[in-house]
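Asks: Dropping the structure in here first, questions after.
The values are calculated or read from the model by the stated rules, or taken from the named source; none is laboratory data. Small disclaimer: the values here were computed from a predicted structure and weren't measured. For neighbour counting, all protein chains shown are included, and Cβ atoms are generated from backbone atoms with ideal geometry for every residue, glycine included.
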Ligand code: HEC
Ligand code: HEC
């Protein structure tokens, strides 16, 4: 039962299981190009009705992560539209308060969100710490940048060299596991790649979910059909296909720009803005010493601040002369998991129907 609930929550995060494939656009749109509002999709919204329906799952996960609680803190999880929990009422007041703080004091920009006060706690602390903790967020000074400003093109060239050069990979069959945040629960994953197409199937007992990029469109589906994908989710499946063999990084983005020198896990990183051909911007961090890509961050705006999607790459290993990260950690508000790759068969024979779109 526990697993079933978790599974449902993951799907909410991904999007509600409305059957049908949607090619990606900025927001879910009706046929005449109007953005679908949350009040037209959900039953009982009193304060969030006017935001795009696309954002609801993200906003709910932002609530859970900001207060460090489960959905059931505010909801009866058999019916999310039901009222009756005091916490849900309080949350409605808090949402209205947060909107008015931003409107009245920050010119309508989402400067303040739930996490600004809650910071991962149910009860925000109004009294300052008497002994400030050494690691309090935001106080770690940035490391010294290199003496000469790094050129983005050099950072990319060093990375491509570090992963074995720009070799073209035609196909690969990858065996992996998805490790849940408890560090113990795992689900088998099979990742197939062929001529730029990508399919990743995760099996949860009798259920399974496949992420697919067929070269022009993304889909997510299981035994019961397709899950509706939001634009940013479709984009991330595409990026998985593009960066599975990371030496192809130059094809995924059309522009790179050095931003600053930072630190991740005690190591100096060079941080670049990378822009796709469609104008979407992501942030890439490269280890200054090894040249390897260690982090990729994409942010999707919501009415209650940015929904951060972070991918951490580590344990690069060589397979058939190309290096790929064998430990990839995915994290977003309230949701995280790690893919651990155990075997990679380069130039494996893979049937074309592995990359066929589901019939919905
Ligand atoms: C801090 C409280 C809080 C948490 C935690 C929370 N929600 Fe909500 N949720 C709300 C409130 C408040 C509304 C109604 C907003 C409104 O009235 O506009 C709502 C509305 C919803 C709705 C719309 C239901 C409908 O049809 O009217 C869904 C679905 C939902 N939440 C799912 C979730 C899921 C899934 C989680 C866990 C990932 C979650 N919520 C976590 C407070 C919360
Ligand atoms: C300006 C600061 C601030 C912001 C912004 C804020 N909160 Fe709060 N929140 C508080 C304070 C203070 C309390 C009272 C805590 C207590 O009673 O100990 C509280 C209490 C709550 C409670 C009740 C907790 C309980 O113990 O029952 C919920 C639920 C809640 N907030 C949700 C939210 C959500 C969701 C957001 C974002 C939409 C949000 N808050 C934004 C300051 C804030």
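Asks: Does residue 93 satisfy the criteria of being more than 24 Å from the chain's Cα centre (by Cα), more than 10 Å from ligand 2 (Cβ to nearest atom) and in the same structural domain as residue 46 (by TED's automatic domain parsing)?
Replies: no
Asks: Then there is this: Looking at (1) within 19 Å of the chain's Cα centre (by Cα); (2) closer than 28 Å to residue 106 by Cα, which one does residue 259 not meet, given that it meets all the others?
Replies: (1)
Asks: For the range 53-84, which residues satisfy the criterion of being farther than 16 Å from residue 304 by Cβ and near ligand 2 (Cβ under 9 Å from one of its atoms)?
Replies: Within the range 53-84, just 73 meets the criteria.
Asks: I'd like the full set of residues that are within 8 Å of ligand 1 (Cβ to nearest atom) and exposed (fewer than 13 other Cβ atoms within 10 Å of the Cβ), limited to the range 80-96.
Replies: 81, 90
Asks: Could you please find all residues in the range 260-274 being surrounded by 15 or more Cβ atoms within 10 Å (Cβ to Cβ) and without any contact (Cβ under 8 Å) to a residue 40 or more places away in the chain?
Replies: Residues satisfying the conditions are 269, 271, 273, 274.
Asks: So, one more: Would you confirm whether any residue within the range 334-346 is in contact with a helix residue (DSSP H, G or I) (Cβ under 6 Å, 6 or more places away or on another chain), assigned by TED's automatic domain parsing to the domain that holds residue 235 and in a strand (DSSP E or B)?
Replies: yes
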